[in-house]
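We did not get these values from a lab; they are worked out from the coordinates using the rules stated. Here the structure is a predicted model, which is why all the values come from computation and not from measurement. Using ideal geometry, Cβ is built from the backbone for each residue, glycine included, and neighbour counts are taken over all protein chains shown.
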Amino acid sequence: MQKMCIAAPTRHGSGPSPGIWAIMMEEVMKKFLLIALTATLMGVGVGYVARAEVATLRGNNPLDASAKQFDRRKQTTVEGKIERSWKQQPPSIPHKIEKDEITLQVNTCLRCHDAANFKKEKAPKVGDSHFVAADGTKSDQMDLRRYFCTQCHTPQLDVDPLVENTFETVKQ
Ligand code: HEC
Ligand code: HEC
């Protein structure tokens with residue numbers, strides 16, 4: 001620490017004269033500006049690199065432009081049931097659901113999986129947990145929290161994983 005640089009000038013002439021003081025202040029200001037400039041440039045640089053490497057799945061098109069359309073992949077059919085990765089997992093859907101509809105008026109899944117229809121349609125009945133209300137009471141009516149099936153059950157597409165992963169099924 002150079003104490004001399006920031007010592008105020010004294011009248012006794014032992015400290016730096018007012019002229020030297022001014023020059024020293026100028027040097028300090030220059031250094032300060034240089035540091036500030038360097039920091040700004042580094043910030044811009046880091047920002048630039050980050051922007052070049054990170055791209056959203058949506059792509060780099062402007063927010064106010066409509067997103068590029070993804071290729072529509074065909075859903076696949078899997079023979080039999082798809083093994084669950086853990087016991088409580090909502091089972092994945094082994095058949096296509098492209099023609100199914102879940103709206104306020106209609107839920108076509110229930111035409112086969114509903115308690116009233118599953119035998120006739122030879123489909124598995126919606127899970128027992130689907131008849132339990134939020135407060136734990138069971139009923140004959142499917143709980144409406146389960147109405148939007150695809151919130152939990154997903155159809156399958158024949159695609160590679162988006163990111164490499166080492167996921168393993170829980171040993172059952
Ligand atoms: C035409 C009747 C039909 C319709 C409609 C239908 N399914 Fe299925 N679903 C089946 C049958 C039959 C199976 C048994 C496996 C197979 O044969 O594909 C099944 C299997 C399933 C399974 C796997 C169950 C398990 O234990 O592994 C899930 C989950 C499922 N369906 C969800 C849905 C959802 C969600 C919809 C609506 C988007 C739907 N299904 C519409 C007939 C149907
Ligand atoms: C909040 C999540 C959730 C929603 C919504 C949901 N399910 Fe499930 N479903 C599950 C879970 C978890 C299981 C496994 C536990 C069980 O069997 O209850 C399951 C199991 C099932 C099974 C297999 C039952 C068996 O005995 O193997 C079928 C069929 C099914 N659901 C159909 C449906 C249909 C059709 C809908 C829409 C009407 C629906 N589910 C809505 C989570 C959900």
Report summary line: Pseudo-spin-label distance Thr150 to Lys96, built 7 Å along Cα→Cβ, given in nm, is 1.4 nm
Report summary line: Two pseudo-spin positions, 7 Å from Cα along C-beta at Phe118 and at Leu104, lie apart in nanometres by 2.9 nm
Report task. Could I have the simple spin-label model distance between Gln69 and Asp135, label points 7 Å from Cα toward Cβ, reported in nm to one decimal? Result -> 4.9 nm
Report task. Multiply the residue gap between Val159 and Phe32 by 0.36 nm, knock off their C-alpha separation, and tell me the result in nm, one decimal place. Result -> 40.2 nm
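Taking neighbour Cβ counts within 10 Å as the exposure measure, how do Ile93, Ile35 sort from fewest upward?
Numbers: Ile93 19, Ile35 10.
Ascending number of Cβ neighbours within 10 Å: Ile35, Ile93.
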Report summary line: The lysines whose Cα lies under 20 Å from the Cα of Lys138, excluding any fewer than 8 residues away in the same chain, are Lys125
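Can you work out the FRET efficiency for the pair Val78 and Lys171, with r the C-beta to C-beta distance and R0 = 25 Å, to the nearest 0.05? It would help to have the intermediate numbers written out before the result.
Working: r = 22 Å, r/R0 = 0.88.
With a Förster radius of 25 Å, E is 0.70.
So, R0 is 41 Å and r is the distance between the beta-carbons of Ala22 and Val54; what FRET efficiency does that work out to, to 0.05? Intermediate results must be reported in sequence, preceding the final value.
Details: r = 48 Å, r/R0 = 1.17.
So, using R0 = 41 Å, E works out to roughly 0.30.
What's the local net charge at Lys74, with K and R +1, D and E -1, over the other residues with C-beta under 9 Å away? Intermediate values should be presented prior to the final figure.
Values: positive: Arg72, Arg73, Lys96; negative: Glu98, Asp158.
Its environment carries a net charge of +1.
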